[in-house]
């Protein structure tokens, strides 16, 4: 099996190193990851004649100074040009990609790029932002989850899976549950830029490709997005973020086809009476 691995936290993140080690048991691993942190990029690509740096780091590892989806594109257009990988696995993300976070996630954007090209694709996340997170739960359970998903991958085009792990010791994980994308939104998202916001997560601006001493133009104010998630009371019990909060590993089936087929049928009646 030929496995393409990427992420949105950058090639130096602990999560992608753990994922690469997990996946070695299944076949030949190639890592093509962003040079810098790329969270929140969804399926964005590095267009507009932007200069894109690539570096071969050796032992099957590469970085590309581009978005996660662009990293997958780079792989499919260069080293996998004549023979696509058997699967794209993106992660392990530092932070939850459950609920509406999945709409913004660079981790899942990379998986979507794989699915768009007809390649089985899986995004994997752990519900903590800490750079030195404990990935033992993922190491214990993801191999079996991966085997089960790959053994019976659907013929339907565009499917990709979103797997979220709770941030608890492996011994406390209650099991695996099939979930649905939860509903919710973020509030009070923009706060004045403050180094203390980084410190509580054990990170620095430099880890995100930023500077601890930013230079502003005259009249500029500096903010950062660190919102608070609010749950939607309409969520079912198997909403992915609720499963994770209850100690389960959540697996949600997504599809790159965003068409609302029920609404399409209704529109046909309205617009084509």
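The values are calculated or read from the model by the stated rules, or taken from the named source; none is laboratory data. Bear in mind the structure is a predicted one, so any value in this text is a computation, not a measurement. Please note: Cβ atoms are built from the backbone with ideal geometry, for glycine as well, and neighbour counts cover all protein chains shown.
Which residue is farthest from residue 7 (Cα to Cα), if the candidates are limited to the range 181-202 and must be surrounded by 17 or more Cβ atoms within 10 Å (Cβ to Cβ) and in contact (Cβ under 8 Å) with a residue 40 or more places away in the chain?
Residues of the range 181-202 surrounded by 17 or more Cβ atoms within 10 Å (Cβ to Cβ): 181-182, 184, 198.
Right, trim to in contact (Cβ under 8 Å) with a residue 40 or more places away in the chain and you get 181-182, 184.
On the way: 181: 20, 182: 22, 184: 24 Å.
Going through the qualifying residues, I end up with 184.
Right, residue 79: closer than 25 Å to residue 158 by Cβ and more than 16 Å from the chain's Cα centre (by Cα) or not?
Values: closer than 25 Å to residue 158 by Cβ: yes; more than 16 Å from the chain's Cα centre (by Cα): yes.
Judged against the criteria, residue 79 is a match.
What tally of residues in the range 208-262 results from selecting those that are part of a helix (DSSP H, G or I), under 30 Å from residue 116 (Cα atoms) and either in contact with a strand residue (DSSP E or B) (Cβ under 7 Å, 6 or more places away or on another chain) or assigned by TED's automatic domain parsing to the domain that holds residue 125 (or both)?
Going through the range 208-262 one residue at a time, the tally reaches 7.
Suppose we filter the range 97-142 for residues that are more than 12 Å from the chain's Cα centre (by Cα), closer than 24 Å to residue 70 by Cβ and in a loop (DSSP other than H, G, I, E, B); how many remain?
Step one: filter the range 97-142 for residues more than 12 Å from the chain's Cα centre (by Cα), giving 99-100, 114-120, 128-142.
Filter again for closer than 24 Å to residue 70 by Cβ, leaving 100, 114-120, 129, 131.
Filter once more, keeping what is in a loop (DSSP other than H, G, I, E, B): 117-120, 129, 131.
Residues that pass the stated criteria total 6.
Yes/no per residue for (1) out of contact with any helix residue (DSSP H, G or I) (no Cβ under 8 Å at 6 or more places or on another chain); (2) within 17 Å of residue 149 (Cβ to Cβ):
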position	(1), (2)
11	yes, no
27	yes, yes
32	no, no
38	no, no
44	no, no
53	yes, no
75	yes, no
87	no, yes
111	yes, yes
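Considering only the range 56-68, I want to know if a residue exists there that is in the same structural domain as residue 94 (by TED's automatic domain parsing), in contact with a helix residue (DSSP H, G or I) (Cβ under 6 Å, 6 or more places away or on another chain), within 22 Å of residue 208 (Cβ to Cβ) and surrounded by 14 or more Cβ atoms within 10 Å (Cβ to Cβ).
Step one: of the range 56-68, the residues in the same structural domain as residue 94 (by TED's automatic domain parsing) are 56-68.
Filter once more, so that each one left must be in contact with a helix residue (DSSP H, G or I) (Cβ under 6 Å, 6 or more places away or on another chain): 64, 68.
Filter once more, keeping what is within 22 Å of residue 208 (Cβ to Cβ): 64, 68.
Those still in the list that are surrounded by 14 or more Cβ atoms within 10 Å (Cβ to Cβ) too: 64, 68.
Scanning the range 56-68, I find at least one residue that is in the same structural domain as residue 94 (by TED's automatic domain parsing), in contact with a helix residue (DSSP H, G or I) (Cβ under 6 Å, 6 or more places away or on another chain), within 22 Å of residue 208 (Cβ to Cβ) and surrounded by 14 or more Cβ atoms within 10 Å (Cβ to Cβ), so the answer is yes.
Give 171, 105 a once-over and let me know the one that is at pLDDT 95 or above, out of contact with any helix residue (DSSP H, G or I) (no Cβ under 6 Å at 6 or more places or on another chain) and closer than 20 Å to residue 37 by Cβ. If you could, list the steps in order and put the result at the bottom.
Working: 171 fails: closer than 20 Å to residue 37 by Cβ.
Within the list 171, 105, the selection yields 105.
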